[in-house]
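Data block below; observations after.
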């Protein structure tokens, strides 16, 4: 079985993305790794080059910043990396620059890839998600935040990155048929120093909107207000080892009252249906193949 990892990145140094940790977290599962490095204004290219020159293949890209509708440029860059993967790879492990896999889940993921390698009805593997916010000590607990997404896909070039690169589809806009794997993606995109978080939010908004929208909708000031969001719960487990150094260097405070819940009444109603009546009304970008069954 051959596994190739892939991702895209631009200005990771400037916006403090843990892309080095992201790549290192899945390298033990990968025979090689493709990184699409976009036209950056910092030392991103040099940083990626230093991770593992023997395993990592870099392709230099130029982002089309006019692809703002729905963040399409993110999907376009993902596809560039995916299309650069050699034909002899069986599985392709996609990891974004702010996502990390815990080392304790590596064996579980490897077994799942081996188990379903010869079953063409399985398009990919579905992972659980933990969305950290403001601090390494809190995760979002609203069902409004996607709880699962596809991160391992078959090396089928009819598969493509969907919308703003959250997930994948295949030819004729079909959802992928996937097997759920008991492993987690630790999503750290909203854990930054408030000043760096403000820069990151402004930059991300430019991938979706023009300057007029940004001027009207992005708050002024030098720091991001972490208080303007929905509900959280305290994280009491361990973080992946590749994140320990970054966590130890955290230099800001995040204060939050766990009783607070800013979710809309519609989301709270959906949460009630999902949590207590097992009726899931939230959007899914995949079709789960039940355990013990083929498609």
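The values are calculated or read from the model by the stated rules, or taken from the named source; none is laboratory data. Just so it is clear, the model here is predicted, and its values are computed rather than measured. With ideal geometry, Cβ positions are generated from the backbone for all residues, glycine too; neighbour counts draw on all protein chains shown.
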Restricted to the stretch 193-216, and to residues that are in contact with a helix residue (DSSP H, G or I) (Cβ under 6 Å, 6 or more places away or on another chain) and touching a residue at least 24 places away in the same chain (Cβ under 8 Å), which residue is farthest from residue 63 (Cα to Cα)? 208
Checking residue 94 against (1) in contact with a helix residue (DSSP H, G or I) (Cβ under 6 Å, 6 or more places away or on another chain); (2) closer than 27 Å to residue 203 by Cα, only one condition comes out false. Which one? (1)
Considering residues that are within 30 Å of residue 213 (Cα to Cα), assigned to a loop (DSSP other than H, G, I, E, B) and touching a strand residue (DSSP E or B) at 6+ places or on another chain (Cβ under 7 Å), the number found within the stretch 63-108 is 5
Does residue 192 meet the test of being closer than 22 Å to residue 100 by Cα and in a strand (DSSP E or B)? no
Scan the stretch 215-232 and tell me whether some residue there is at pLDDT 85 or above, touching a strand residue (DSSP E or B) at 6+ places or on another chain (Cβ under 7 Å) and within 13 Å of residue 134 (Cβ to Cβ). no
